[in-house]
Amino acid sequence: LWETVQNEFKQSITPPTYENVVAPAKAYSLQNHQLTVVLPTDYHLDWWKKSLNIQLKHILHEKTGEEIEPIYVLTKDLMKKADPAPDQPTYKTQTPLNPEYTFDNFVEGRTNQFAYASAFAASEQPGGLYNPLLIYGDVGLGKTHLMQAIANNMLVHNPDAKIKYVTSENFMNDYINSIKTGTQEQFRQEYRDLDALLVDDVQFFSEKNGTQLEFFNTFNSLHDNNKQIVLTADQNPKEIPNLTDRLVSRFVWGLTVEITAPDLETRIAILNRKAEEENLQGIPNEVFNFIASKINTNVRELEGALMRVRVFADLHKTSINEAVAREALQGIGNDAPATLSIDLIQKKVAAHFNINQSDITGKKRVKNIVIPRQIAMYLSRELTDNSLPRIGKEFGGKDHTTVLHAIDKIEKQMTSDSNLQKEINSLKKDLRP
Ligand code: ADP
Ligand code: MG
């Protein structure tokens with residue numbers, strides 16, 4: 001049924017929306033007239049609930065003759081809820097690797113290249129020098145990506161390699177369930193008979209003393225047998241509260257590397273790469289620059305922003321340009337206004353007083369020009385980071401003392417002239433809304 005539904009959508013919406021929003025959606029179950037649709041991100045959730053829900057109901061009705069109510073859930077929530085079947089051994093968390101997380105797909109930059117090189121080296125020689133390898137850093141910077149790239153690369157070299165990827169919470173749940181069901185032997189076998197164990201986000205071991213002890217033993221067993229261990233954390237393990245000293249000392253036995261937020265060049269390179277992977281052609285460079293300067297910490301958000309722009313442009317049936325990107329990303333990321341230029345201040349002031357910009361930068365000494373010129377100098381000092389000599393230069397090469405004099409004069413006059421004050425305030429508002 002789901003395939004039919006998707007095909008219906010394909011007929012009625014544009015290909016990019018289909019690819020971005022409809023294709024990633026999966027039907028999970030159809031029970032009691034409820035269809036559960038699984039979506040990868042909040043963004044998809046938003047789209048389905050707001051824009052596609054009615055159409056989906058309509059299609060479902062058309063195809064089945066029944067009233068079926070769609071229910072949207074996020075993949076991650078579904079994974080949390082999924083109760084293991086009662087008669088299954090419950091210590092066997094199998095989290096599949098994401099095949100897209102490869103070294104090839106990872107864009108190197110100044111702030112991640114050491115982590116990248118270490119991860120690559122560990123994957124080429126598992127159980128060697130970099131054991132354990134621990135990568136730490138803030139969320140969304142590529143830790144999970146690199147960790148899984150290690151596994152994916154190991155599997156290229158040796159398709160039979162036994163590799164287990166879990167989050168620290170998975171490990172804990174498996175351990176607890178093994179106690180409940182009296183299957184600790186199997187649990188241990190499962191976690192120790194491996195070529196590599198990858199445990200993501202070990203900060204969640206904090207305060208879980210029983211789990212820490214079990215993991216300590218797992219760690220030692222693997223390490224003694226030269227099996228590769230890879231760990232990630234959101235901060236330096238030494239700073240994770242309530243982690244036992246001996247566990248911390250193990251964590252930093254091999255190599256500990258940090259990832260920090262990518263710099264502007266790397267962010268632009270990442271966007272270019274993502275656009276290429278998504279087959280998006282002809283996006284102007286300004287758009288990449290704009291997105292990269294707006295989203296300056298988290299790579300996942302960077303990807304999300306690009307996708308948002310793409311879908312927005314598609315929805316409005318326009319090509320992707322900077323104005324569209326601005327619209328699409330309103331209220332997202334860092335909204336610091338672009339630095340104001342002296343040139344713009346001169347233009348606004350000139351327009352406000354009905355004179356030419358060349359008057360402002362010129363030398364005429366008539367009153368109806370001198371005062372606007374002084375106001376423009378004052379505003380340049382107030383609203384930009386430019387030095388007095390710099391401002392002087394932009395005003396037709398005037399001396400910095402001239403600028404200082406103008407600023408002084410305006411400041412003094414404002415204290416006694418409330419009309420001037422109002423005028424300047426409204427200009428300021430205009431320039432810095
Ligand atoms: P973390 O585990 O540190 O929270 P992830 O590994 O989940 O971060 O990365 C978030 C997203 O950003 C993923 O889709 C990942 O592929 C992508 N990503 C992060 N860093 C890079 C990079 N340097 N090059 C390409 N993609 C990256
Ligand atoms: Mg992660």
Residues within segment 200-246 that are of a type in the set (A, V, I, L, M, F, W, C), within 16 Å of ligand 2 (Cβ to nearest atom) and in a helix (DSSP H, G or I), tallied: 3
Every residue from segment 140-166 that is over 12 Å from residue 97 (Cα atoms) and not in a helix (DSSP H, G or I): 140, 141, 142, 158, 159, 160, 161, 162
Residue check for residue 379: under 12 Å from residue 349 (Cβ atoms) and surrounded by fewer than 21 Cβ atoms within 10 Å (Cβ to Cβ): no
Selection count where residues are more than 22 Å from the chain's Cα centre (by Cα) and loosely packed, with under 13 Cβ neighbours inside 10 Å, scope segment 15-44: 6
Criterion: touching a residue at least 40 places away in the same chain (Cβ under 8 Å) and charged (D, E, K, R) - qualifying residue of 138, 160: 138
The listed residue being more than 30 Å from residue 14 (Cβ to Cβ) and part of a helix (DSSP H, G or I), out of 364, 348: 348
Selection within segment 233-257 - within 11 Å of ligand 1 (Cβ to nearest atom) and either charged (D, E, K, R) or at pLDDT below 95 (or both): 234
Residue identified as touching a helix residue (DSSP H, G or I) at 6+ places or on another chain (Cβ under 7 Å), closer than 30 Å to residue 227 by Cβ and not small (Gly, Ala, Ser) among 287, 309, 257: 257
Inter-residue pairs, beta-carbon under 7 Å, first more than 17 Å from residue 367 (Cα to Cα) and free of Cβ contacts under 8 Å to residues at least 12 places away in the same chain and in segment 383-410, second of a type in the set (A, V, I, L, M, F, W, C) and outside any loop (DSSP other than H, G, I, E, B), 6+ apart: 392/403
Residues satisfying the stated conditions in segment 161-182, i.e. out of contact with any Asp or Glu (no Cβ under 9 Å at 6 or more places or on another chain) and either more than 22 Å from residue 250 (Cβ to Cβ) or among the aromatic types (Phe, Trp, Tyr) (or both): 177, 179, 180, 181, 182
Candidate set: segment 288-305, residues that are closer than 12 Å to residue 333 by Cβ and more than 16 Å from ligand 2 (Cβ to nearest atom); chosen: the one surrounded by the most Cβ atoms within 10 Å (Cβ to Cβ): 291
Residues that are part of a helix (DSSP H, G or I) and within 16 Å of ligand 1 (Cβ to nearest atom), drawn from segment 167-177: 168, 169, 170
Which listed residue, of 165, 130, is within 21 Å of residue 193 (Cα to Cα), within 14 Å of ligand 2 (Cβ to nearest atom) and aromatic (Phe, Trp, Tyr): 165
Subset of segment 112-139 that is surrounded by fewer than 17 Cβ atoms within 10 Å (Cβ to Cβ) and not in a helix (DSSP H, G or I) - its residue that is nearest to ligand 1 (Cβ to nearest atom): 139
Cβ-Cβ under 6 Å pairs, at least 6 apart or on other chains, segment 256-277 side farther than 23 Å from residue 118 by Cα, far side at pLDDT 90 or above and within 16 Å of ligand 2 (Cβ to nearest atom): 274/303
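Yes/no per residue for (1) surrounded by fewer than 18 Cβ atoms within 10 Å (Cβ to Cβ); (2) under 29 Å from the mean Cα position of the chain (by Cα); (3) on the phi > 0 side of the Ramachandran plot:
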| position | (1), (2), (3) |
| --- | --- |
| 211 | no, no, no |
| 225 | yes, no, no |
| 234 | yes, yes, no |
| 245 | yes, no, no |
| 263 | yes, yes, no |
| 277 | yes, yes, no |
| 282 | yes, yes, yes |
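The values are calculated or read from the model by the stated rules, or taken from the named source; none is laboratory data. From a predicted model like this one, the values you see are computed outputs, not experimental measurements. All Cβ positions, even for glycine, are placed from backbone atoms using ideal geometry, and neighbour counts span all protein chains on display.
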